[in-house]
1. Among the residues of segment 218-231, which ones are assigned to a helix (DSSP H, G or I) and touching a helix residue (DSSP H, G or I) at 6+ places or on another chain (Cβ under 7 Å)?
2. Restricting attention to segment 116-128, and to residues there that are surrounded by 13 or more Cβ atoms within 10 Å (Cβ to Cβ) and out of contact with any strand residue (DSSP E or B) (no Cβ under 6 Å at 6 or more places or on another chain), which single residue is nearest to residue 180 (Cα to Cα)?
3. Would you confirm, using the coordinates I've provided, whether residue 194 is crowded, with 20+ Cβ neighbours inside 10 Å and either at pLDDT below 95 or within 22 Å of residue 298 (Cα to Cα) (or both)?
4. Which condition number does residue 206 fail, the rest of (1) surrounded by fewer than 16 Cβ atoms within 10 Å (Cβ to Cβ); (2) more than 22 Å from the chain's Cα centre (by Cα); (3) in the same structural domain as residue 354 (by TED's automatic domain parsing) being met?
5. Residues to consider are 245, 234, 277; find the one that is modelled with pLDDT of 95 or more and either in contact with a helix residue (DSSP H, G or I) (Cβ under 8 Å, 6 or more places away or on another chain) or buried (at least 17 other Cβ atoms within 10 Å of the Cβ) (or both).
6. Counting only residues that are over 16 Å from residue 296 (Cβ atoms), give me the helices (runs of 4 or more DSSP H) lying completely in segment 351-412 with at least 3 of them.
7. Return the pairs, sorted by first residue and then second, in which the second residue is modelled with pLDDT under 95 and not in a helix (DSSP H, G or I), the first residue lies in segment 342-358 and is over 18 Å from residue 251 (Cα atoms), the beta carbons are less than 8 Å apart, and the residues are 6+ apart or on different chains.
8. Among residues belonging to segment 160-182 that are assigned to a helix (DSSP H, G or I) and in contact with a helix residue (DSSP H, G or I) (Cβ under 9 Å, 6 or more places away or on another chain), point out the one that is farthest from residue 19 (Cα to Cα).
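The values are calculated or read from the model by the stated rules, or taken from the named source; none is laboratory data. Quantities reported herein were computed from a predicted structural model and do not represent experimental measurements. Virtual Cβ from ideal backbone geometry, glycine too; neighbours counted across all protein chains shown.
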């Protein structure tokens, strides 16, 4: 360990890139200091107690805040907002320096002014840049490959922002300029977000799962107990779950492609692409990736539950009872060629659909999607996506087979029939939209054509009359 520290220190000494100051010796400050040393920077820590330097990385210096401010041009403020007051006494030493505010708050709207703007008001002679607040100390310690690589920066001084961007690049991180210091509040809210794009998909999945679970519980368990006097509560654990998961998965897969259908219909109705979609449709379209990934997770559960069916006690009991019954009666059921075709087609479509399902999930990963151009990505996610929906819908139809014609229990249709409603609506609507006459109109609108309104037509006619006169 000691030799590694010495080697790192010597390497840093060989290729100095400048001096960077850090106010604060907490977890983030120490992690940042280590990465800066590894990148070839000279690091000076400003501390209330310079003698307490046992935890900082070897090769860095610990001194008073004033001394550190005099040595470094770029200074990271790695302390909480509540302790910013000490900076007012350092105003002369911080004149013309670049202060990087990396602080975050405990909740949104905690203060009327962002931390970076507050820091700028305390030290008006310095150039304040908001940055590195979306990168954790763990990310700096474990390396860029194990966490977020992007640093968001904002500030009013372009040169100061560029200095911070250069440091980020030296640490192997990417940087994105988010504008003036007025955007600091938005950057400070980002670490407080908890899966913002996943909330709606998870809410939909939870709601659909709860609805179909209780629906099938009444239909398959309560009905048997009330009407037939049979206790089939054991079916809850495997049979009921293995019906709920594919039903919800198919419905959510269809919900991924329904908003594009609605968007095309709205564009046809409005005759232009320049009219904004409703907010609910915008939000829906932004979370389609998450909808698809949740649907894929439920499809995985369906596959796993299906694989354990042959080893279930109930299934083994039914097979043994049927075999013994045929042996006693000396009866052999004839081979049903139609049923064989139906089951083989059912399993084949399920396998193909799940394979394409997995392909859609893989191509949605950033590392894969970044390697595809727009046409390739659209081909997989749109065209193959609709093929996936078609295969999965046909899989559900073959599962039902002739059960459509059987009497319903308490006037409640089977759950798989309800799951076919949204997919069939999407597939039929898509079939209509890809018809040449409709597709040409949509393509023209998306290329910028607008349907002339009555007022526009009148103004064009008046202009032509004036030109002729």
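1. 220, 221, listed by residue number.
2. So, considering only residues that are surrounded by 13 or more Cβ atoms within 10 Å (Cβ to Cβ) and out of contact with any strand residue (DSSP E or B) (no Cβ under 6 Å at 6 or more places or on another chain), the one nearest to residue 180 (Cα to Cα) is 117.
3. It is false that residue 194 is crowded, with 20+ Cβ neighbours inside 10 Å and either at pLDDT below 95 or within 22 Å of residue 298 (Cα to Cα) (or both).
4. The single condition residue 206 does not satisfy is (2).
5. Checking each option against the conditions leaves just 245.
6. Counting at least 3 such residues, we get 374-378, 385-400.
7. 342/401
8. The selected residue is 182.
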